Amino acid sequence: MIKVYNNHPKRALSLLETLLTVTIITIAVSVVLPVSKIYIVAQREETLKKNLADIREAIDKFQKKESRYPNSIDELLESRYLRRMETEPFGGKWQYKPHTGEHEWVDFEVTELTGKPYLASNKNKSMKARKYKVKKADVIAAAETVETVETTETGLAPAPWESGADDKDKDKDKDKDKDTSEVGLTDGVTVDGAYEVEIYEEIYDIRTATDYTGINGVPYDQW
């Protein structure tokens with residue numbers, strides 16, 4: 001039996017080869033990581049664009065159909081103008097603009113949902129505009145003041161003995177609830193003997209609160 005001996009055993013990597021391998025891996029990682037980060041940011045930016053476009057389109061459709069702007073994102077979801085409210089892609093807050101013109105952007109008032117699964121698309125939280133408590137009587141008085149001004153501009157109101165005066169008073173009483181609903185009032189509660197109602201600001205526009213500059217050089221809160 002002939003035995004064959006291996007006179008050339010496996011040689012370990014030299015120090016130079018090891019350093020060369022580590023250098024190549026480092027260069028590869030330094031190239032791949034920035035590219036992957038840019039890709040992730042670009043994907044989030046596309047998501048932000050789509051979210052803003054969907055919400056703004058829903059607001060415009062609501063305004064065109066209802067002749068007013070919505071009082072909350074919940075209202076868009078409940079009336080099915082908006083299918084779901086996504087979380088802000090960069091982990092920031094959503095903000096709304098209450099009216100046209102120069103107004104401050106305001107953070108949404110976020111509360112936990114109770115028994116409303118169709119609003120659970122944003123981490124089971126409900127997004128409403130900031131609310132203010134006012135006395136219902138004050139709102140009705142303000143509405144009547146506006147009506148009086150309009151009557152003065154268009155002409156004198158009919159005297160009590162003239163035809164239509166009584167009917168107008170009756171219609172005014174019937175329209176009190178309508179006047180309050182047109183300014184975004186919800187059902188009120190009695191506090192310290194005074195009947196109060198909640199007024200939600202109308203949502204004219206929406207944006208992200210994230211102010212990082214995008215790939216296109218424009219901060220996200222200006223998109």
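Per-structure values
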| quantity | calculated |
| --- | --- |
| Rule-of-thumb Rg ratio for the stretch 56-140 [Cα; 2.2 N^0.38 Å; N residues] | 1.17 |
| Peptide ranges 66-73, 98-105 listed from the most packed, as the mean C-beta count within 10 angstrom indicates | 66-73, 98-105 |
| Residue list for the stretch 72-102, given a label point 7 angstrom along the Cα-to-Cβ vector of LYS61 and an amide N cut-off under 17 Å | 72-86 |
| Linear extension gain, ASP211 paired with ALA137, 0.36 nm per residue minus alpha-carbon span | 22.5 nm |
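Bear in mind that the values in this text are calculations on the coordinates, not laboratory data. Just so you know, these numbers come straight off a predicted model, no measurement behind them. When we count neighbours, we look across all protein chains shown, and the Cβ atoms used for this are built from the backbone with ideal geometry, even at glycine.
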